[in-house]
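See below for the structure under consideration.
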Amino acid sequence: MDVRKVERISKALSDPSRITILQQLRQKENCLYCHEIADFIDLTQPSISHHVKQLADADLIVPEKEGRNVKYKLNQAVLNEYVQFLNTLKV
């Protein structure tokens, strides 16, 4: 994993709301619709969209369009690669 990708992921994970979204994705069997996010995060729709975009830009989640709805899936491969990179930093 290159340093830029690590930086992008680290920045995406630096916000508690984004971590909450990832945790909810994990609990919902890696599938969460956009409208469901508003049910557990007390933020405006533009703020939610910003956080989701940050996660998607970091490849931590993958958006899938279903008609007028968008569902998000956790990108487990990227998350695993990030964790492996962090493990290389351990002594």
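What follows draws every value from the coordinates through simple rules; no lab data is involved. Worth saying up front: this structure is predicted, and the values here are computed from it rather than measured. In this analysis, Cβ positions are derived from the backbone assuming ideal geometry, glycine residues included, and neighbour counts consider all displayed protein chains.
Can you give the net charge of the other residues whose Cβ lies under 12 Å from the Cβ of Glu29, counting K and R as +1 and D and E as -1?
+4
When only Cα pairs under 8 Å and 6 or more residues apart are kept, what is the percent relative contact order across the chain? Walk me through the numbers before you get to the answer.
Working: 80 pairs, mean separation 29.7, N = 91.
Relative contact order comes out at 33 percent.
Size of the dipole of region 3-88 about the Cα centre, Lys and Arg at +1 and Asp and Glu at -1 on the beta carbon, nothing else charged, in debye to 20? Intermediate values should be presented prior to the final figure.
On the way: 12 positive and 11 negative charges, 40 e Å.
So the dipole magnitude of region 3-88 works out to roughly 200 debye.
With everything on Cα atoms, drop me the angle between helix 16-27 and the longest principal axis of the chain, reported from 0 to 90° to the nearest 10.
Rounded to the nearest ten degrees, it is 80.
Loop-only trypsin sites (Lys or Arg not before Pro) in region 46-86, please: DSSP not H, G, I, E or B, and at most 11 other Cβ atoms within 10 Å.
Numbers: sites: Lys53, Lys65, Arg68, Lys71, Lys73; in loops: Arg68.
When the trypsin sites (Lys or Arg not before Pro) of region 46-86 are filtered for loop state and at most 11 Cβ neighbours within 10 Å, Arg68 remain.
In the chain, which GluC sites (Glu not before Pro) are in a loop and have at most 15 other Cβ atoms within 10 Å, using DSSP for the loop call? Write out the running numbers ahead of the final one.
Details: sites: Glu7, Glu29, Glu36, Glu64, Glu66, Glu81; in loops: Glu29.
Those that pass, being in a loop and sparsely packed, are Glu29.
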